[in-house]
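Have a look at the structure below before the remarks.
Every number in this text was worked out from the coordinates using simple rules, so none of it is lab data. No experiment lies behind these values; they were computed from the predicted model shown. Every residue, glycine among them, receives a Cβ derived from its backbone with ideal geometry; neighbour counts consider all protein chains shown.
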Amino acid sequence: MSQPDLDLQPLVNSPIRLSTEDIPASNRQAWLSEVIGREYANVKITPPKKGTLFNEMLIYPWQDLRLSVIHSNSINIERLPKEPHYNTQDNYFGVVLLSGKYLLEQNNREVYLQPGEMTIYDATLPHRIYCPESFSKLIISIPRKQMRERMAGVEHCTALKMKCDVGIGAVTSRYIQGVAAEASCMPSATFSAASDSALDLFTLALNSVIPQHIQLSRSRSLSLYRVKDFVKRNLSNPALDSVCIVQGTGLSERYINELFHDEDTSLMRYVWKLRLMNCYRDLANPNFVTKQVSEIALRWGFNDFSHFSRAFKQQYGVTPRSVKVLN
């Protein structure tokens, strides 16, 4: 009899499922308003004039993001001009329409999506979503700070259409749809890792529609993205330093430092913070329970364990071993 493969990773956890089908018909509108207000943004909803109110959300935690699969009957959603209830609502929402019709209005712009097309909007600002018939969509919840780190001028891109027929838009839409379709079948570590690629692609697609009048910001954004991408791909190399990054990106050290100065940090502080963040994630990951703390530190480019321990405690207020023990 063959032995079980002990290295098999567990399947990703089932998503959080929230559906009006589980609520009495008389309470559905109030319930849905409360749920959307808690999970996404404070909104006023208007149910369909004909038919029943139906809305189902499947919410997957996706590393620093969230991926939502939403099926709904006709609905009108309006975000009113008031402050979010929760700090966690300070997000941009990337939208991929799967089926139906979808109209988004924000910042005096409106975009009408066909299936496969994408857009983005600011969850904290007034907006209106009108869907005249049954529809399905994907929402990627992206923390504001993370989105703005990747792309300067993103605030000028809300309610703009990213087409799905050719180019990077087509690649991005297909990739995100593919990941969503297979989410419940992927090993948890694989699904989690896919979030970085999805956000990279989404950012590239968004850069393709950025207005011409902020091309300078776009140029700096692309340069910053090039540096961060190089750092991420070489993070495990303990020899990664400013000289290596300058040679690898073709950008001057002075220009790179200017880019990170705009983000209130420096190049090497960014490298250290990213390494520590990846170590924390692995230490807290049940899939790495058999790994020693030193192995994880070496995996992300730390070759001085005592220095790593001090930096980790300074960043997170706890020792690396305590994170591993707690998880």
- [ ] Please get the size of the charge dipole for the chain, origin at its Cα centre, with Cβ charges of +1 on Lys and Arg and -1 on Asp and Glu, quoted in debye to the nearest 20.
- [x] 300 debye
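Figure the gain on full extension for Glu34 and Ser322 (residue separation times 0.36 nm, minus the Cα-Cα span) and round it to one decimal in nm. Show your work: numbers first, answer last.
Details: separation 288, 0.36 × 288 = 103.68 nm, distance 3.71 nm.
100.0 nm is the gain from fully extending Glu34 to Ser322.
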Task: Entry for Cα extents along the principal axes in Å (calculated from the structure that is shown) out of (1) 71, 47, 35; (2) 66, 62, 40; (3) 64, 44, 43 - done: (2)
- [ ] Calculate the spin-label point distance for Arg144 paired with Met268, positioning each point 7 Å from the Cα along the beta-carbon direction, and give it in nanometres.
- [x] 3.3 nm
- [ ] Indicate the gyration tensor shape class of region 135-256 (rounded, prolate or oblate), computed on the Cα atoms with a ≥ b ≥ c the square roots of the eigenvalues: a/c under 1.5 is rounded; otherwise a/b larger than b/c is prolate and the rest oblate.
- [x] oblate
Open item on the list: Within 10 Å of each candidate Cβ there may be at most 15 other Cβ atoms; applying that plus a DSSP loop requirement, which GluC sites (Glu not before Pro) in region 72-167 survive?
Closed with: Glu133
